[in-house]
Amino acid sequence: MSLNRRERETTARELDNNLALTGLTRAQVRERTGLPPERFQAALEVNAVMDPADVWLVRDTIEDAVREEGKTPLPLSLIHISEPTRQAEISYA
């Protein structure tokens, strides 16, 4: 995942919009991911030091929580490829 600053900001905003649909706090979502606080924050902010795999994990966790609430996650404009493609992208990045 190679995003420029604007794309990272867009993705972070979209993740935050979906997070709002979950009814969970950031701490509750972080706990579900099992990520340390620093890595979770970097992934949620999609900042320059984030690990792309962490962003995927946070996205998946948030989307699962939205569905648990009986809602449909809002689409993410830049993170929407399939799992096999994602694994290949991470492996060959």
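The values are calculated or read from the model by the stated rules, or taken from the named source; none is laboratory data. Everything numeric here is computed off the predicted structure, so don't read it as measured data. FYI the Cβ positions are ideal-geometry reconstructions off the backbone, even for glycines, and counts take in every protein chain you see. For accessibility, only protein heavy atoms count, side chains too; no ligands or nucleic acids. Shrake-Rupley method; radii C 1.70, N 1.55, O 1.52, S 1.80 Å.
Of everything listed in (1) part of a helix (DSSP H, G or I); (2) at pLDDT 95 or above; (3) of a type in the set (D, E, K, R), the single unmet condition for E7 is (2).
Restricting to segment 2-18, name every residue that is buried (at least 19 other Cβ atoms within 10 Å of the Cβ) and in contact with a Ser or Thr (Cβ under 9 Å, 6 or more places away or on another chain). Result: T11, E14. Selection of segment 36-53 for residues being open to solvent by less than 10 Å² (accessible area, probe 1.4 Å) and more than 13 Å from E9 (Cα to Cα) yields only F40.
Pairing each residue of segment 20-37 that is closer than 18 Å to D54 by Cα with any residue that is of a type in the set (K, R), provided the two are 6+ apart or on different chains, yields C-beta distances under 8 Å for P37/R30.
Among the residues of segment 60-71, the ones that are touching a residue at least 40 places away in the same chain (Cβ under 8 Å), touching a helix residue (DSSP H, G or I) at 6+ places or on another chain (Cβ under 6 Å) and crowded, with 18+ Cβ neighbours inside 10 Å come to 3 in all.
Those residues that are more than 21 Å from P73 (Cα to Cα), touching a residue at least 12 places away in the same chain (Cβ under 8 Å) and of a type outside the set (A, V, I, L, M), I need them from segment 38-59; list them, please. Those that are more than 21 Å from P73 (Cα to Cα), touching a residue at least 12 places away in the same chain (Cβ under 8 Å) and of a type outside the set (A, V, I, L, M): R39, N47, D51. Inside segment 19-35, residues that are crowded, with 19+ Cβ neighbours inside 10 Å and either over 13 Å from L57 (Cα atoms) or hydrophobic (A, V, I, L, M, F, W, C) (or both) make up a count of 5.
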